[in-house]
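Written out below as structure tokens is the structure these notes cover.
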Amino acid sequence: MSLEQSVEALRYLGLFSSLDASSVMSTAVYALHPEDRVAAARILMRENSISGVPIVDDNFKLVGIISVSKIIEALADGRLADSVDSVMTRDVVSLRAHDSLETILSCFQRFKFGRFPVVEEGGKLVGMITDTDVLSAIVRSFYSVYVHDQKRMMTLGSFSALSKEFENSADLVYDMSCAGLKNAGEGSARLKAFLQGKGFSEAVIRRASVCAYEAEINVCIHAGGNGTLRAIAHDGEIIVRVEDNGPGIENIDLAMKEGWSTATDAIREMGFGAGMGLPNIRRFSDHLVIISGKGKPTKVEMIFLADKE
Amino acid sequence: MKLIEVLEITGATCVAGEHLDTVEVNHAFASDLMSDVLAMSRPDTLLITGLTTPQIIRTAQMLDLPAIIVVRGKEVPKDVADLARVTGVVVLATRDIMYVTSGKLYARGLSG
């Protein structure tokens, strides 16, 4: 299958649809100014093992790029002391921050360059994408939604994607018992207070609370309101696990889709059941593991990294 | 925008909470779907909703939203107002519909 066909298949299947250029790119980027010397570009590239450097103006707007081949040409012509401006490529192929993975892959295929600058509206440089960045993003995306069912658990034996830490104890345990949606949020409110006491930043507490709340709502909507919420928090990491006793998620792929829900109209009238629960959890958590299956208990484990903000 | 201004602009009454002259909101989000609110809101946002379930308070609490304005003249049940007091969320209520409330606030500079 050609890369072109693969890209078409990705689009058709909606795989990696959550990956866009802003989530794939490296944001720690070296850049030079047009007035810098070519020699500076050479040193920068050699010392950091990079094969191309974007050139930006005083406002960080992308104006060019200089690659290894341009450096070699400049070296041969004895122009290392000239300004970058005189040798850089001005007609840069760049990506937009919201470009899809398919667009990124198409660019790699079409232009055969090793790297693409990513710019926001107005042309300001915000990151760079190399093939390594694409590969890392794909690997990361597998880890972020690692869903497996009972059958796979049997195959994998004692291996579990869930944290071992909960086997011993948890810093916070809340037993949910919820008729309808009335008490939904009580556990998340306690989690929030607990995390505030631990001194985590507001932003990570907000993400963890929102996800725990959505998970709690799911237990109330789908599992009769009985379940547990447990949390462990240390070393800049918050692990939250919400478990119930079933009836389980029959099709996790569908459940992860925005707008897909099995909730009743009564639940919708209460402001939930719009099919945003698990997608919201995926959006705001750094790692997510869901173990479920038809007629099985559901375990949702979410990890939040404090230093990601 | 101070909550006291929100109150004046929308002709709302205060159901729960105090310090309306000091609490401030910089954005607003209007929805009856709490999951959408959870997906899209920023902390300093006023929630405009027609729901009066305890979940509007919980949603505001999780997101650090300072205030909610309940539209369409819905009466806020006592348990919801109590939960608002406990969690420190200000609840206002207006007879206007969501569209009118949003329009009035937007026209006076409260952005989305």
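Where helices (runs of 4 or more DSSP H) fall wholly inside the stretch A:1-100, the ranges with 2 or more residues that are among the acidic types (Asp, Glu) are A:3-13. Among the residues of the stretch A:169-211, the ones that are under 12 Å from A:LEU229 (Cβ atoms) and among the aromatic types (Phe, Trp, Tyr) come to 2 in all. Those helices (runs of 4 or more DSSP H) of the stretch A:177-292 in which at least 3 residues are within 21 Å of B:THR59 (Cα to Cα) and of a type outside the set (Phe, Trp, Tyr), considering only elements entirely within it, cover A:186-197, A:202-222, A:265-269, A:277-284. Put simply, of B:THR52, B:THR101, B:THR59 the only residue that is more than 11 Å from chain A (Cβ to nearest Cβ) and farther than 14 Å from B:CYS14 by Cβ is B:THR101.
Listed by position, the strands (runs of 3 or more DSSP E) enclosed by the stretch B:45-112 that each have at least 2 residues that are buried (at least 23 other Cβ atoms within 10 Å of the Cβ) and in contact (Cβ under 8 Å) with a residue 60 or more places away in the chain are B:67-70, B:90-93. Within the stretch A:165-211, the set of residues being within 15 Å of A:ILE232 (Cα to Cα), of a type in the set (Val, Ile, Thr) and under 25 Å from the mean Cα position of the chain (by Cα) comprises A:VAL204, A:ILE205.
Restricting B:VAL37, B:VAL25 to those that are touching a residue at least 40 places away in the same chain (Cβ under 8 Å), buried (at least 20 other Cβ atoms within 10 Å of the Cβ) and not polar (S, T, N, Q) reduces the list to B:VAL25.
When residues in the stretch A:247-280 are screened for being of a type in the set (Phe, Trp, Tyr) and either closer than 19 Å to A:LYS296 by Cβ or crowded, with 19+ Cβ neighbours inside 10 Å (or both), 1 of them pass. Against the definition (more than 9 Å from chain B (Cβ to nearest Cβ) and over 26 Å from the mean Cα position of the chain (by Cα)), how does A:GLY259 come out, yes or no? Here the answer is no, as A:GLY259 does not meet what is asked.
A short reminder: the numbers here are calculations on the coordinates, not readings from a lab. From a predicted model like this one, the values you see are computed outputs, not experimental measurements. Glycine gets a Cβ as well: all are built from the backbone with ideal geometry, and neighbour counts include every protein chain shown.
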